[in-house]
Amino acid sequence: MRIVRFRENTQDWPSWGWVSEDRVGVIDGSPFSDFRREAADRHLSAVHLLPPIVPGKIICVARNYVAHAAEQDVEVPVLPLLFTKPPSSVIGPGDPILLPPQSNLVEHEAELAVVIGQRARWVSPEEAPGYILGYTAANDVTARDLQRSDGQWTRGKGFDTFCPLGPWIDTHLDPSDVLVTCHVNGHLRQMASTRDMVFPVAQLIAFVSSIMTLEPGDVLLTGTPSGIGQLAAGDEVRVEVEGLGALTNPVRNDPHRGPFTS
Ligand code: MG
């Protein structure tokens, strides 16, 4: 099943929905508990898709593809290297990524994202799939200059709009060998299979759940392949997960100027 959040009019409350080809039906209830599917009687193009999940927390994995670690001139870690992005960084399909005035180098990072379905703590890799609701596409947008100059990553990874998610949560995807690609203005920038991950999804869930409780709706970003590159105002960036779908966002300048900008 493909799960979306959507609304038909800007003043509406968001609804859960399910997608069948080019149509959307309401999900009555919650995909995390009991729910009932209503008829898919709306055209996908007639509704406004929202981020498919509002996560309580976003846990991200760095350097999880060997080729990306090499292009950054860093070692592949012995254990997964984690950081977080704030929930306020999430935007949905079609929402603009805003280039902050504090940065001169904002880059795209196409990633497979995991949406947790059940509370998980001390879960084994074998048990991990049972705690997953599904998968979506993510863009771990990064202010690379600030990430490097700060030494830690909260600022460079944490701006509003720096975590596009969508277009939906696919509950049936097999994440073991799917292509993750990124196109900017139609030009291919990143492409690799998830089978090239250093730590696969089940191991990542096990590792994170040995540190912190994962709650339903939490999101895990599983790392980016090589080919990261700069985004400029006017660009259109598309992250695609094979068999799942494409997440497209325009890129704009944030018009704000404040005390921490040059
Ligand atoms: Mg990343």
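With all projection directions averaged, the alpha carbon convex hull of the stretch 1-50 covers 3.2 nm². For GluC sites (Glu not before Pro), the sites in the stretch 108-213 that DSSP calls loop and that have at most 11 other Cβ atoms within 10 Å are E126. Only the Cβ atoms of Lys and Arg (+1) and of Asp and Glu (-1) were treated as charged; on that basis the dipole of the chain about its Cα centre amounts to roughly 500 debye. A simple charge model with +1 on the Cβ of Lys and Arg, -1 on the Cβ of Asp and Glu and nothing else charged puts the dipole of the stretch 1-50 at about 120 debye relative to its Cα centre. Surface composition of the chain: carbon and sulfur atoms hold 50% of the protein heavy-atom accessible area at a 1.4 Å probe.
Take 40-48, 165-173, 222-230, 3-11 and order them by the average number of nearby Cβ atoms within 10 Å per residue, most first; the result is 165-173, 222-230, 3-11, 40-48. Length gained on full extension, E126 to W13: 36.9 nm, using 0.36 nm per residue less the C-alpha separation.
In terms of overall dimensions, the C-alpha atoms belonging to the stretch 143-187 reach 39, 26, 21 Å along their principal axes, ordered largest to smallest.
The HN-Hα couplings worked out from phi for the stretch 27-44 by the Karplus form 6.51 cos²θ - 1.76 cosθ + 1.60 (θ = phi - 60°) are 9, 8, x, 10, x, 8, 9, 8, 8, 10, 8, 9, 4, 7, 10, 10, 6, 4 Hz, whole numbers, x standing for Gly and Pro.
For the stretch 36-114, the Cβ-based charge dipole about the Cα centre amounts to some 440 debye (Lys, Arg positive; Asp, Glu negative; other atoms uncharged). Hey, what number do you get for the chain at 222 nm if only DSSP H runs of n ≥ 4 count, each worth -39500 (n - 2.57), divided across all residues, to the nearest 500? One gets -2500 deg cm²/dmol as the mean residue ellipticity at 222 nm.
The order of the peptides 148-161, 193-206, 67-80 by mean Cβ neighbours within 10 Å, most packed first, is 193-206, 148-161, 67-80. A 1.4 Å probe run over the chain, with the rest of the protein chains in place, finds 45 Å² accessible per residue.
Taken over the C-alpha atoms, the chain has Rg and Dmax values of 17.7, 53 angstrom. Within the stretch 68-179, DSSP assigns beta bridges of which about 85% are antiparallel (rounded to the nearest 5). In the chain, the DSSP beta bridges split such that about 90 percent are antiparallel, to the nearest 5. The mean of 1/r over all pairs of different alpha-carbon atoms in the stretch 91-232, once inverted, gives a Kirkwood hydrodynamic radius of 15.9 Å.
The values are calculated or read from the model by the stated rules, or taken from the named source; none is laboratory data. Quick caveat: nothing in here was measured; it's all calculated off a predicted structure. No Cβ is skipped: glycine too gets one built from the backbone with ideal geometry, and neighbour counts run over all protein chains shown. All accessible areas refer to the heavy atoms of the entire protein, side chains included, with ligands and DNA or RNA removed. Shrake-Rupley method; radii C 1.70, N 1.55, O 1.52, S 1.80 Å.
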